[in-house]
1. Quick check on the stretch 665-767: take the gyration tensor over C-alpha atoms, sort the square-rooted eigenvalues as a ≥ b ≥ c, and tell me if it's rounded (a/c under 1.5), prolate or oblate.
2. Expressed in whole Å with the largest first, what are the equivalent ellipsoid semi-axes of the stretch 130-210 derived from the C-alpha gyration tensor as the square root of 5 times each eigenvalue?
3. What does the C-alpha gyration tensor say about the overall shape of the stretch 510-765? Classify as rounded when a/c is under 1.5, otherwise prolate if a/b is larger than b/c, or oblate.
4. At a 10 angstrom cut-off on C-beta neighbours, averaged per residue, how do the peptides 541-549, 692-700 rank from highest to lowest?
5. Can you tell me, using C-alpha contacts under 8 Å and at least 6 residues apart, the relative contact order of the chain as a whole percent?
6. Counting alpha carbon pairs within less than 8 Å and at least 6 residues apart, what relative contact order, in whole percent, applies to the stretch 130-210?
7. Report the charge-dipole magnitude of the stretch 232-500 in Debye, nearest 20, computed about the Cα centre from +1 at each Lys and Arg Cβ and -1 at each Asp and Glu Cβ.
8. Tally Lys/Arg at +1 and Asp/Glu at -1 over every other residue whose Cβ is under 13 Å from the Cβ of G417; what's the total?
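All of the numbers you see were taken from the coordinates with simple rules; none came from a lab. No experiment lies behind these values; they were computed from the predicted model shown. Quick reminder, even Gly has a Cβ in these numbers, built from the backbone with ideal geometry, and neighbours come from all protein chains shown.
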Amino acid sequence: MKSSSVRFLSQFLLLWALLVVGCKREEVDPTGQEKIAVTVTVTDLPSDAVSLRVLAQLGEVAAQNTQDIVQKLDEFVIYLDRDKSGPLTILVDVLDQPGCKLGKGQVTIEVRPAPPYELAAQVAITRYPAALCTLTVTTLGNGTVSSVPAGLSCSGQPVCTADFARNDTVQLTATPAPSYKVTWGGACTGSGACQLQLTGPAQVSAQFSVAGGPTDNRVCLLSGWCYDYPLPQGSVLRAMWASGASSIWAVGHGGVILHYDGKAWSGVPSGVTINLTSIWGTAENNIWAVGTSGTVLHYDGTSWTAVASNSTAALVSIWGAAADDIWVVGLGGSLLHYNGTAWTELTKFTTADLRAVVGRSAKDIWVGGASGALWRYDGATWSQTTGITTRDIRGMTSAGANLWAVCYGGAILKHDGVKWATVPSGTTRDLLSISAVNDTDIWASGLTGTLLHYTGTNWTVGSSLSGLHIWSVLAIASNDIWAAGQGGILLHYNGTTWSPYSPSYLASTLTGIWGTSKSDIWAVGDTGQILHFNGVIWSKVAAPNTTPLQAVWGTDVSDVWAVGDTGTLLHWDGLQWSAVASGVTASLYGIWGTSRTDVWVVGASTALHYDGSSWTVVPGITNRLRGVFGFSNKDIWAVGDAGYIVRYDGSGWTTVSSGVTQNLYKLWGTANTGLWAVGDAGTVLAYNGSTWSKASGLPTDNLYAVWGTKRDDVWFVGNLGAQLHFDGTKIDRFTAGEMPSFYALWQSSTGPLMGVGSQSMIVSSSR
């Protein structure tokens, strides 16, 4: 039984009982708060009605979130705050078993906050000639979708809906933007025509991607994880270069190469998995990228290929005076030159790490690096300039007749053609990159979201959108500035404001993931964010509130629960999410169950149980619980702070010794593999049927999630992309390095292992 029906049914039973004994009903909602009670009577209900969809709106403001009613269809109660007044509009959709609309009714009454606080409304249902089924289309990328019969037109919005008569055949036509293609998902598949018969509500997705490009926008990293959301990726971006406003390139860790075509960013195969650190070119068909291990890549307008560099050094920066006169610098004083035919590693003039190279001409080239190292090439020889700064120089650019350099500690240097001088920056944060539109419009970026702007007189510190490190800034025009960096963050400045390119990057952390299959997956996180995957794309789903969510779990496509802070309980019934009263205010962190009528939730000194009708507190918990997992309704485990572990045997909770004092976060296991738990400081615990034991010799990264498929395939993940794997004999460490933190893992029976974490990260394993 759905929670909403339980709530309403309990109200009705209470009302009936009070009337029978002749008592006056108290005007309170199920939480005990004094309210205005509006009793709604529904008439002319179709005989095949199985549920109601109700929306109450007081004036211009929703008075009550949409409610699903599956019991007592002819009468229900709406509660309003005592201080509310004005016209209350009640909209009622009548649904059949598949969830199609049989008819609709509406009534408006006047609400006044005066005794007796009891109002009545009557809604008469008008039946439609035919049941109407809702078709929902989600689009991603550049393109539009229309329908025959007419009614649905998706253009400029990610989600659109339309109602069609049940059993109608609907033809969807996708119109990709120039140079784009469509891939259908959900109720339609492939890339051809999308035609479906609506026997009930249906969902279709249309993903538009660059024609002739990769099969999807995902980027897969050396660590074996592929970014599924936000697209195109979430790795560290180190450098950018553009041939124009409609062709911008970015490179980063794990061999990431992205391209912007004026409309959207997409991943481009690089052929390597090493970290790329710099990019530069002379034209769209002549672009170079460099990275660690002496890596040099070239783009000829069609694809990227590796080119012999004759070096094994970590290469950091690239710049050229012409197509046949290109310079690269790197760590340990590495210096490479390209003459139009081949790359040559030149004799070092220093052993200092070199981080930046730029010039005014072929006979005026400057290199900067560690501890203020500054060298100039005059076309014949290299000479050193000293005494300017002791700060590491990290980025350089030319602007008119001037050269600029940015350094650690917020230092900014300017060369006017004669000498170098220090210029006040207004910050002490480490600076990493600098780029100029002209000599009076220059941008710099750095650690913890630092963005600086020079307008010809002085440098000013701009407001940061994020605490993520901004590794690169690219100035194309005064109203077209890009910034990129940690976590794959991409920012754009339009001449007035900075805004994130990737949705939800800056403020979101995902903490829970669960699904019924590889084409029906849910992810939840802070600010009440709920995302859903339909087999093709991830999309946001409306949530009842913005309370941070911690975990998600369910039994099938129409029975999914999410839990979060301040006692938050949400339920998905196959059509929408709705809030359900938990009866507690404690933060809830974990959820697991065996069926629709046996669901467990744990939190701050709290354990709750749902029997299919109501939620109740199960006593015996004395500490904060973070995770719950079990094997049956009489064998349930939960873990929490300070090594706290409890077990439920069908009658009550029993504390079990863990042997550790670290906070524990998640559990996972199977009948034939035993049980695992993970926690702070690299804690990995294994249960052998009688006692818990801690694995020794592991790194000290905090571990937040565990999941496996069988005895010799168990993963433990956590802070800053930490990854450990158990192969049945030993636990090995897999270093990600470039990844955000993991907070939850999940895997379907047929799909890959998936993880969620900070920076809105959703990844799947390619191993």
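1. Because a/c hits 1.5 or more and a/b fails to exceed b/c, the stretch 665-767 counts as oblate.
2. Over the Cα atoms of the stretch 130-210, the semi-axes work out to 22, 12, 10 Å.
3. oblate
4. Taking the mean over residues of other Cβ atoms within 10 Å, the ranking is 541-549, 692-700.
5. In percent, rounded to a whole number, it is 6.
6. 39 percent
7. That gives a dipole near 500 debye.
8. My count for the surroundings of G417 gives +1.
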